[in-house]
């Protein structure tokens, strides 16, 4: 899981590379770990541009990424905070995102086989996140990235919510997400249109997954209108069509799964446990393959943790030696000994990057 470096600078461990992405208050760059030259991505957030609420969201995002370790979810390795900027070191995904992959297809959409495989993987990632009390709330193709080896990663937890109680008991009210992918209950719970729900829960992620499956198979959005308010009404009513010619050659099983995910009544909406048993999924997906990938990931993780422990022990020995040296210097100063203080390691203390939890106050 991600580490907070309380007495270290980002530059102590990483070299910064080229820009690979940019947002309103953040930039993403390549970075290289000095110990082994391995490539990662670093998300650099300018805290000075954030509101108090946005600072809380940033803290929550880091807290969530620290708490997860899963093959299909982006991994955070380190966090640094120098007061003005937060630097989050993440896995580097060089394979593009799902949206771009769809656009690159000759016919503007994915095959049923590939769509089913991605649907099952994303659904499995959601089950993991929800079991760890995390609701993503902004699931869309742009937030699905691919590693160089093709491994799918759910990313961007900027709008995610950390549930404080069981997922079946925790309700949310904040209106957030991307308009085309937002669930009906998110809208009605915020007074947009009329509906039976004044709250929402983790089921919103499965609605968004349903929208994504629709797009993967057709290359089209299920909800479109001349105004955003009219589009919201379509979403609230669950009004969409499988229009010709885009859906003429798509199986009825695929359409049935979409209907089960984009079900207005979230109590009847499909979740992973029913999705993985659906005939469309079982036709193309072997759940045992996921289990094998997860076991391989855990094995690699164990090896990585062992190496991390060795590196940490080495660093601790060095830090202890430096501490003993500084104690000796301080004792000498107290005793007015006539010494020359050279190369005293003060800058690493006075300018150290602080733990994110101590800097961002809720």
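The values are calculated or read from the model by the stated rules, or taken from the named source; none is laboratory data. Every value quoted in this text rests on a predicted model; they were computed, and no experiment measured them. Using ideal geometry, Cβ is built from the backbone for each residue, glycine included, and neighbour counts are taken over all protein chains shown.
Put simply, of 116, 125 the only residue that is assigned by TED's automatic domain parsing to the domain that holds residue 213, in contact with a strand residue (DSSP E or B) (Cβ under 6 Å, 6 or more places away or on another chain) and crowded, with 16+ Cβ neighbours inside 10 Å is 125. Within the stretch 40-56, if we keep just the residues that are free of Cβ contacts under 8 Å to residues at least 60 places away in the same chain and part of a helix (DSSP H, G or I), the residue that is surrounded by the most Cβ atoms within 10 Å (Cβ to Cβ) turns out to be 54. If the condition is being more than 19 Å from the chain's Cα centre (by Cα) and surrounded by fewer than 16 Cβ atoms within 10 Å (Cβ to Cβ), then the stretch 7-31 contributes 7, 11, 12, 15, 16, 17, 18, 19. Here residue 302 meets the list (1) surrounded by 11 or more Cβ atoms within 10 Å (Cβ to Cβ); (2) within 31 Å of the chain's Cα centre (by Cα); (3) farther than 30 Å from residue 192 by Cα; (4) at pLDDT 75 or above almost entirely, failing just condition (1). Restricted to the stretch 57-161, the set of strands (runs of 3 or more DSSP E) holding at least 3 residues that are modelled with pLDDT under 95 and touching a helix residue (DSSP H, G or I) at 6+ places or on another chain (Cβ under 8 Å) is empty.
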